[in-house]
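Read the structure below first, then the notes.
The values are calculated or read from the model by the stated rules, or taken from the named source; none is laboratory data. Since this is a predicted model, take the numbers as computed values, not measurements. Cβ coordinates were reconstructed from backbone atoms using ideal geometry, including for glycine residues, and neighbour counts include every protein chain displayed. Ligands, DNA and RNA are excluded from the accessible area calculation, which covers all protein heavy atoms including side chains. Shrake-Rupley method; radii C 1.70, N 1.55, O 1.52, S 1.80 Å.
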Amino acid sequence: MVTIRLVQGDITEQSADAVVNAANSSLLGGGGVDGAIHRAGGPEILAECRALRASRYGKGLPTGQAVATTAGRLPARWVIHTVGPVWSAAEDRSELLASCYRQSLRVARELGARTVAFPAVSTGVYGWPLDDGARTALRAVREETGREEAAGAFDEIRFVLFDRRAYDAFTEAM
Ligand code: ADP
């Protein structure tokens, strides 16, 4: 049985097999959690991201997809970069947000990562409302870890919420 755990904290300080980054499609760094991961993890992560841009992802990583690199100096083995959708009031993009969690877990499973830490993807600069972002995240993780192929693959999926407001939103959604 996989444990889904909520913690308030900084994802760069989390020991896990894989830490998920709310990246942007350039994969070349940004603000928020992305900036924090590159700062704490060091230049090795960016070097692998550049290599991905030069090979498989010449046009960038599409929204809703995920790809892994080294975690550099972070207390994790891998960083899984995923690109969340920008919130839109006019268009329902929640499938893309759910896809970030599902695809990240698929990549994690392929790597053999049994403990995976997620931030609240899209809920910062990309403007997704926290309560909806939390529900979508939890639903997607439960669905993906409940699939037959994922049976026994994970020990713990941890949501690392940066502030009290995010932590409360996830607690409520849980
Ligand atoms: P996005 O562009 O996908 O919205 P952001 O990085 O701006 O990504 O924000 C995503 C979430 O990550 C926000 O809830 C933000 O508060 C949170 N966050 C920012 N820094 C960290 C960190 N070091 N650890 C965990 N969560 C963080």
query = Alpha carbon centre of region 30-59 versus region 117-174: separation in Å?
reply = 22 Å
key: Under 5 Å, built H, 5+ apart or other chain: amide partners of N24   = G29
task = Output ³J(HN,Hα) for region 40-56: one whole-Hz value per residue in order, computed from phi by the Karplus curve 6.51 cos²θ - 1.76 cosθ + 1.60 with θ = phi - 60°, and x for Gly and Pro.
result = 6, x, x, x, 4, 5, 4, 4, 5, 5, 4, 5, 5, 5, 7, 10, 5
ask   = Once amide H atoms are placed 1.01 Å from N in the peptide plane, what residues at a sequence separation of 5 or more from T123, or on another chain, have their amide H within under 5 Å of its amide H?
value = W128
ask   = Mean residue ellipticity at 222 nm from the helices of the chain, using -39,500 (n - 2.57) per DSSP H segment of n ≥ 4 over the full residue count, to the nearest 500 deg cm²/dmol?
value = -12500 deg cm²/dmol
ask   = In the chain, what percentage of the DSSP-assigned beta bridges are antiparallel, given to the nearest 5?
value = 20 percent
request  = Tally up the carbon and sulfur contribution to the accessible surface of region 3-173 as a whole percent, 1.4 Å probe, everything protein left in place.
outcome  = 47 percent
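Ranked highest first by average number of other Cβ atoms within 10 Å, how do 43-52, 19-28 line up? Provide the component values of the computation, followed by the final result.
Values: 43-52: 16.3, 19-28: 23.6.
Ranking the peptides 43-52, 19-28 by packing returns 19-28, 43-52.
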message = Could you derive backbone 3J(HN,Hα) for region 111-117 from the dihedral phi with the Karplus parameters 6.51, -1.76 and 1.60 (θ = phi - 60°), listing whole Hz in sequence and x where the residue is Gly or Pro?
response = 6, x, 6, 9, 10, 10, 9
task = Quick one: grab the alpha carbon gyration tensor of the chain, order the square roots of its eigenvalues as a ≥ b ≥ c, and give me rounded if a/c is under 1.5, else prolate or oblate depending on whether a/b is larger than b/c.
result = rounded
query = Using θ = phi - 60° and the Karplus curve 6.51 cos²θ - 1.76 cosθ + 1.60, what whole-Hz ³J(HN,Hα) does each residue of region 62-72 get, with Gly and Pro shown as x?
reply = x, 4, x, 9, 8, 8, 9, 9, 4, 9, x
remark   = Using alpha-carbon positions, the gyration tensor of region 107-157 gives root eigenvalues a ≥ b ≥ c; with a/c under 1.5 called rounded, otherwise prolate if a/b exceeds b/c, else oblate, the class is prolate
inquiry  = How much accessible area per residue does region 3-173 have, counting only protein heavy atoms and a probe of 1.4 Å, in square angstrom?
reply    = 46 Å²
request  = Would you please give the residues with an amide H less than 5 Å from that of R158, counting only those at least 5 places away or on a separate chain, with H modeled from the backbone geometry?
outcome  = R5, V116, A117, F118
